[in-house]
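Contents: one structure, followed by commentary.
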Amino acid sequence: MGFWDKIFGEFVDVIEWTDNSSDTMVYRFERYGNEIKYGAMLTVRESQQAVFVNEGVIADQFPPGLYKLETNNLPIITSLQGWPHGFESPFKAEVYFFNTRRFTDLKWGTKNPLMLRDREFGPVRLRAFGTYAMRVVDPVALLKEVVGTSGQFSTGEITNQLRNLIVSRFASILGESAIPILDLAANYDDLSTFVSNRIQPEFKTYGLEITKLLVENISLPPAVEEALDKRTSMGVIGNLRDYAAYQAAESMRSAAENPGGGAATGMGFGIGIAMANRMGEAFSGADSPAQPPPIPSEKVFYVAVGDHQTGPFGLQEVENRIHAGDLTRDSLVWTQGMTDWRPAMEVAELNNRFADVPPPLPKR
């Protein structure tokens, strides 16, 4: 640096930083030989903090405000080199500005699939990704643990490490939760909260705070998603017989809208109808399992005994009564389908059952 740069550098008495980027977290104020003039003005804007470092040791920290660098408001800096000599000569120190605003829309995601065991699908591989937001809450810790002597530090220099932390804790939480795959979408908010709480202490060791973490998507491998889509499609279709009939109806409408299709269209339409009918018959058989025929009901009879009606009696009981002599050829009987009571010998179902019974004795 030239002579005039040195002269003008020593007489610049305003120390400030305005950030034109969107990802700068730490900026070291550049001065010739790190010399700062006594009485210089330090401007720390909202969403900023400043840290003085002398000979590698942190000397003081400044929140937002306007400061005049004099001994009466810098009790710690009074011990810096050059100040004992009347406190008016320039002193050497490094000034680091820290951006404390939120850094949003930072990405995280799995490089490789996570292996998990699902109760319904068994072993599966999942990928996940989302976004998070963070900010600097402890400039001293960030300077000691991460920044070091870097003159300018951006989010890209630490997001890889932070992403690895998030993915690692996310995998552990997802495995411990045992949430079924089909229910994961309903638990994105809870997963986000659990991951945020789990990694918050680790972020603080870097002087950072995670203000928001979102799980945006958890996905299966393409082949598994395709199989799941087919399974879902079958559930949406529902009754396959009705679906086949619907497809046939759609074919008929298409044929009606294209009357100039010729013989090929008609042939295709006919084949479609035939296939739909076959499919309907097959699915009808599949949907309705074979059932045995109903048990035939036995015909029953009522028998008049004097002025009273008895029964109903099945055919076997009627035959037993005939052989016992309780029911004769002249006994009046009735069954469903008859308009009136009739003698038993005039009923076809009973007449042949009197064959083994002798007729009544002739009267003398």
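The values are calculated or read from the model by the stated rules, or taken from the named source; none is laboratory data. What you see is a predicted model; the values in this text were computed from it and never measured. Virtual Cβ from ideal backbone geometry, glycine too; neighbours counted across all protein chains shown.
A few remarks follow.
- Scan of segment 32-68 for residues that are touching a helix residue (DSSP H, G or I) at 6+ places or on another chain (Cβ under 7 Å) and in contact (Cβ under 8 Å) with a residue 24 or more places away in the chain, ordered by number: Tyr32, Glu35, Lys37, Gln49, Val51, Phe52, Ile58, Ala59, Gln61
- For segment 179-214, the tally of residues that are within 13 Å of the chain's Cα centre (by Cα) and surrounded by fewer than 16 Cβ atoms within 10 Å (Cβ to Cβ) stands at 7.
- Residue match in segment 170-187 (condition: in contact (Cβ under 8 Å) with a residue 12 or more places away in the chain, in the same structural domain as Val147 (by TED's automatic domain parsing), among the β-branched types (Val, Ile, Thr) and closer than 30 Å to Val146 by Cα): yes
- Residue count for segment 74-109, restricted to those that are among the hydroxyl-bearing types (Ser, Thr, Tyr) and at pLDDT 90 or above: 3
- Scanning segment 312-348 for residues that are outside any loop (DSSP other than H, G, I, E, B), closer than 15 Å to Lys299 by Cα and touching a Ser or Thr at 6+ places or on another chain (Cβ under 9 Å) turns up Pro312, Ala344.
- Scan of segment 26-55 for residues that are of a type in the set (Ser, Thr, Tyr) and touching a strand residue (DSSP E or B) at 6+ places or on another chain (Cβ under 9 Å), ordered by number: Tyr27, Tyr38, Thr43, Ser47
- Residue in segment 155-176 that is in a helix (DSSP H, G or I), hydroxyl-bearing (Ser, Thr, Tyr), out of contact with any His (no Cβ under 6 Å at 6 or more places or on another chain) and buried (at least 16 other Cβ atoms within 10 Å of the Cβ) present: yes
- Some residue of segment 150-161 being free of Cβ contacts under 8 Å to residues at least 12 places away in the same chain, more than 22 Å from Gln49 (Cα to Cα) and of a type in the set (Asp, Glu): no
- Pairs meeting the criteria (first residue in segment 349-364 and assigned to a helix (DSSP H, G or I), second residue at pLDDT 70 or above and small (Gly, Ala, Ser), beta carbons under 9 Å, at least 6 apart or on different chains) are Leu350/Ala344; Asn351/Ala344; Arg353/Ala344; Phe354/Ala344.
- Given (1) surrounded by 11 or more Cβ atoms within 10 Å (Cβ to Cβ); (2) modelled with pLDDT under 60; (3) outside the structural domain of Met252 (by TED's automatic domain parsing), index of the condition Ile273 fails: (3)
- Taken together, the residues in segment 43-60 that are of a type outside the set (D, E, K, R) and modelled with pLDDT of 90 or more amount to 7.
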